[in-house]
1. Hey, does the range 102-112 have a residue that's within 22 Å of the chain's Cα centre (by Cα), at pLDDT 95 or above and of a type in the set (Val, Ile, Thr)?
2. From the list Arg222, Arg214, which one is in a loop (DSSP other than H, G, I, E, B), under 17 Å from the mean Cα position of the chain (by Cα), in the same structural domain as Ile286 (by TED's automatic domain parsing) and not aliphatic (A, V, I, L, M)?
3. Is there a residue being closer than 29 Å to Gly116 by Cα and not in a strand (DSSP E or B) anywhere in the range 230-242?
4. Keeping to the range 173-192, report how many residues are surrounded by fewer than 15 Cβ atoms within 10 Å (Cβ to Cβ) and either in a helix (DSSP H, G or I) or under 24 Å from the mean Cα position of the chain (by Cα) (or both).
5. Mind listing whichever residues of the range 240-295 are within 20 Å of Ile181 (Cβ to Cβ) and of a type in the set (Ser, Thr, Tyr)?
6. Do we find that Lys61 is modelled with pLDDT of 95 or more and farther than 17 Å from Asn350 by Cα in this structure?
7. Quick one: what pairs do we get from the range 156-185, first residue under 19 Å from Ile25 (Cα atoms), second among the aromatic types (Phe, Trp, Tyr) and assigned to a helix (DSSP H, G or I), C-beta under 6 Å, 6+ apart or different chains?
Amino acid sequence: MTFQKKRSVLILADGMSAGGTERQIIELLKGFQYNKNFEIIFGVLVKDGECVPEAGYYAAKILPVRQSSQYDFTLAWSLIHLTREYNIDLIHTFGSVSDFSGIVAGRINNIPVVNGSIRNARPKLNKRDKISRFCMRFATGIVANSYAGIRAYGMENRDNAQVIYNGVDIKRFEDIIPAQIPEQSICMVGNFSLKKDQAQLIKILPKLLEKYSRLHLILVGRGDNLDNLQQQVAFLGLTQSVTFVTDCNSPESIVSGCEIGVLLSPEGEGFSNAIIEYMALGKPVIASALGGNHELVDHGKTGYLVENGKAEQLITYISHLLSEPYAAKKMGEAGKEKIAEHFHVSRMVNSYEDLYFRLTEDSL
């Protein structure tokens, strides 16, 4: 199907810090940059995020939306006028305030709304999650990035809910030059918060060092829990065996130089970009056996899924991969093949284009 006139899609996000959702929004904007049927107009509420400039570069236009505070729901009224002014044909929201404002503007202006805020699979939804879930009742379409997320939000029986997996541009990982890091290194990429469990990796490191004395742990991220983790490292006498990287928005070269990619998440993941990138770089993965990780990691084939808090299990899997480099390499290759076949960014963009077509065809 081809439209005689391009349709305008507004992608509206609460913020654009350096995270998984933000990376997927940028990939979506890039994928539609030269699309013949849809132009993407981008709006963001919090303007100081690291990814705002890149998102603005790929968007066809920027919506001059304003927000006075974190929970400024009066934004909805200004959005009503802006969607009319910019002739918006479809609203696609990411984040609770955007969800609410999009629903109000969409209902009043008779514009279809896609709620794209199911990006996690937490066993217990937080305040913002619950606002998003409420807004889903009124959305024209609901998109999650994992079936685990659909279930976590209670949307599995909604006919208008679907899964579109995160996509990755494989070309980003071609010709990556590995960073100069210690020879036998494992890494974990994830913000330093209670949603991630770097502390478990630090805790088991002394046991691993008994057998692998050259082993080095690299932790990449930012966040409020950094001081606590650094204190833990110092207390255990591991300062020579652990490196914190806090100024890196593109950790591909670090991951490329490591032997194993780890992601421990006590609350589970929706569909982790970190794991996708580990696999795209040909690294075996060790991840929490929760949420959408089951949909991405094939246990025993592309890596291992470890139960929460099972330190001995984690030690066993890491030890096996370090002791059996051939097996580790085969797992990494299998993961890379899986990403190329099932999670290419073009597949994600095509799925969104099909959805946009379906929801805007009535306005032809």
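1. Of the residues in the range 102-112, the ones within 22 Å of the chain's Cα centre (by Cα) are 102.
This time we only want the ones that are at pLDDT 95 or above, so: 102.
Subset that is of a type in the set (Val, Ile, Thr): none.
Scanning the range 102-112 turns up no residue that is within 22 Å of the chain's Cα centre (by Cα), at pLDDT 95 or above and of a type in the set (Val, Ile, Thr).
2. Working: Arg214 fails: under 17 Å from the mean Cα position of the chain (by Cα).
Unique residue meeting the criteria: Arg222.
3. Applying the first criterion (closer than 29 Å to Gly116 by Cα) to the range 230-242 yields none.
Taking every residue of the range 230-242 in turn, none turns out to be closer than 29 Å to Gly116 by Cα and not in a strand (DSSP E or B).
4. 4
5. Ser241, Thr243, Thr246, Ser250, Ser253, Ser256, Tyr278
6. Working: modelled with pLDDT of 95 or more: yes; farther than 17 Å from Asn350 by Cα: yes.
Taking the combined requirement at face value, the residue satisfies it.
7. Note: pairs meeting the criteria are Val163/Tyr147.
Let's see how each residue does on (1) touching a residue at least 40 places away in the same chain (Cβ under 8 Å); (2) under 22 Å from Ile26 (Cβ atoms); (3) among the small types (Gly, Ala, Ser):
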site	(1), (2), (3)
Leu63	yes, yes, no
Ile88	yes, yes, no
Thr93	yes, yes, no
Ser96	yes, yes, yes
Arg107	no, no, no
Val113	no, yes, no
Arg133	no, no, no
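The values are calculated or read from the model by the stated rules, or taken from the named source; none is laboratory data. Keep in mind that what you see is a predicted model, and the values were worked out from it rather than measured. Note: ideal-geometry Cβ built from the backbone for every residue, glycine included; neighbour counts use all protein chains shown.
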